[in-house]
Amino acid sequence: MDRIAAVKEYVDGIINRIENPEDRKYAMLHTYGVAWCCSLLAQKRGLKEEIGYISGLLHDIYTYFSGSVMCHGQSSAEMARPAIKNMKLFSEEEKKLILSAVFYHSSKDRIHEEYDELLKDADILQTYYSTRKPKIPKAALPRLKRLLKELNIATEVTGYEPEAVEESLLFNRFKFAALAEALAGQNIKGERESKEFLAIIKYYPESNAYEELKNSWCAAFVYHCALKAGLELPIKQPPYKYRFAGVGTWYSWGADKGFVFKDREGIIPERGDIVIYNNIIPEGRKQENSPWHDHIGILLAVEEDYLLVAEGNVDNGNVSGIVKRKHDNTIGCFLRIPDGIEYDGFLCDYKASEIYKQ
Ligand SMILES: [Fe+2]
């Protein structure tokens, strides 16, 4: 099958599921407009047009799937990853070029590699020419000016200052705990009939998400509550092998960020910390080859010998709940996400799957 036709079919399927006709029209225009701009710039710069065009088609798919723009470049790359792998039409090198461009495309004030830059420029060019009053954020102005100069277009451009994010929308541990408490307390069942459960797993685009997460959704519950409490985090982030729907990814991410602390290390656990358990799931309910960090929840209160924790999928029983946990060696560690934290996961080498060395 023609590679562009295969990707178009996939992307059109996502856009055609957008309910609002105006949003659907915008998504089509922007997607194809950016892809065409990628072709134009690729030809001018001596790059492969097809690779550029395909990165343009894929660049915003997670937004069209989820309705959210939060970390959408990173999540679009993660959504496109299995999709283009399953097409079996691209080499490893081509997949890296396409996915890396999608991953970085919102980082307009940073410089990456040629195909990454191609997509960022095409995105800005389409946006600039598709509105009668071009709306370009100030941070992207130097890029637009460079680009217009490259195209020998002499025109004055101005930018706008994006509004600062309201403090009440930023991540906050008390909000996190309150949300987790309210949700876990509903004893949500991990079933298709449960609207609340479908909201917890709505972040995962694949058609087998329900089967994958059933009886295994404690970390997906934490991810859902964290995002609702204002945390900005894509579904997957280099260098972590798995998505934030896995306990191990929360642990590794927290450890790399310096957010993990062990029990009784001088820091007193408090409401809104994440609890990562150590071999707490009873044998028989455990998956085979399960690592030590086999469960996760959100701390609500510390009592004398107990912790009160909000959990999804309590003891792999497929129901959420508020649980009293013994404060013993089944508590592996805690993870404290600072209030007001800003996303900085774009500071990584996507192709090498590494965090940039500072
Ligand atoms: Fe985008």
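The values are calculated or read from the model by the stated rules, or taken from the named source; none is laboratory data. Given the structure is predicted, the values throughout are model-derived calculations rather than measurements. Neighbour counts are summed over all protein chains in view; Cβ atoms, including those assigned to glycine, are modelled from backbone coordinates with ideal geometry. These accessible areas exclude ligands, DNA and RNA; they are computed on the full protein's heavy atoms, side chains included. Shrake-Rupley method; radii C 1.70, N 1.55, O 1.52, S 1.80 Å.
One residue stands out in region 66-90 among those that are over 24 Å from D2 (Cα atoms) and in a helix (DSSP H, G or I): the one that is most open to solvent (accessible area, probe 1.4 Å), namely S66. For Y53, the stated conditions do not hold, so it cannot be described as open to solvent by less than 40 Å² (accessible area, probe 1.4 Å), within 12 Å of the ligand (Cβ to nearest atom) and at pLDDT 95 or above. Within region 130-144, restricting attention to residues that are in a helix (DSSP H, G or I) and more than 16 Å from the ligand (Cβ to nearest atom), the residue that is most open to solvent (accessible area, probe 1.4 Å) is K138.
The single condition from (1) touching a strand residue (DSSP E or B) at 6+ places or on another chain (Cβ under 9 Å); (2) in contact (Cβ under 8 Å) with a residue 12 or more places away in the chain that L347 fails is (2).
Would you check if there is a residue in region 148-162 being over 30 Å from Q43 (Cβ atoms), in a loop (DSSP other than H, G, I, E, B) and of a type in the set (A, V, I, L, M)? Scanning region 148-162 turns up no residue that is over 30 Å from Q43 (Cβ atoms), in a loop (DSSP other than H, G, I, E, B) and of a type in the set (A, V, I, L, M). Taking each residue of region 97-124 that is in contact (Cβ under 8 Å) with a residue 40 or more places away in the chain and looking for partners that are acidic (D, E) and open to solvent by 10 Å² or more (accessible area, probe 1.4 Å) with beta-carbon atoms closer than 6 Å, six or more apart or interchain, yields H105/D123.
The listed residues are L125, L119, L147, and the only one of them that is more than 16 Å from the ligand (Cβ to nearest atom), closer than 30 Å to I14 by Cβ, outside the structural domain of N313 (by TED's automatic domain parsing) and open to solvent by less than 40 Å² (accessible area, probe 1.4 Å) turns out to be L147.
Scanning region 187-201 for any residue that is among the polar types (S, T, N, Q) and touching a strand residue (DSSP E or B) at 6+ places or on another chain (Cβ under 6 Å) turns up at least one such residue. The set of residues in region 57-111 being away from the ligand (no atom under 15 Å from the Cβ) and in contact with a Phe, Trp or Tyr (Cβ under 7 Å, 6 or more places away or on another chain) consists of A83, I84, L97. Within region 183-205, residues that are surrounded by 13 or more Cβ atoms within 10 Å (Cβ to Cβ) sit with their Cβ atoms under 7 Å from residues that are basic (K, R), at 6+ positions apart or across chains, in these pairs: G190/K214; F197/K189. Of the residues contained in region 257-264, one or more are found to be open to solvent by 40 Å² or more (accessible area, probe 1.4 Å), in a loop (DSSP other than H, G, I, E, B) and in contact (Cβ under 8 Å) with a residue 24 or more places away in the chain.
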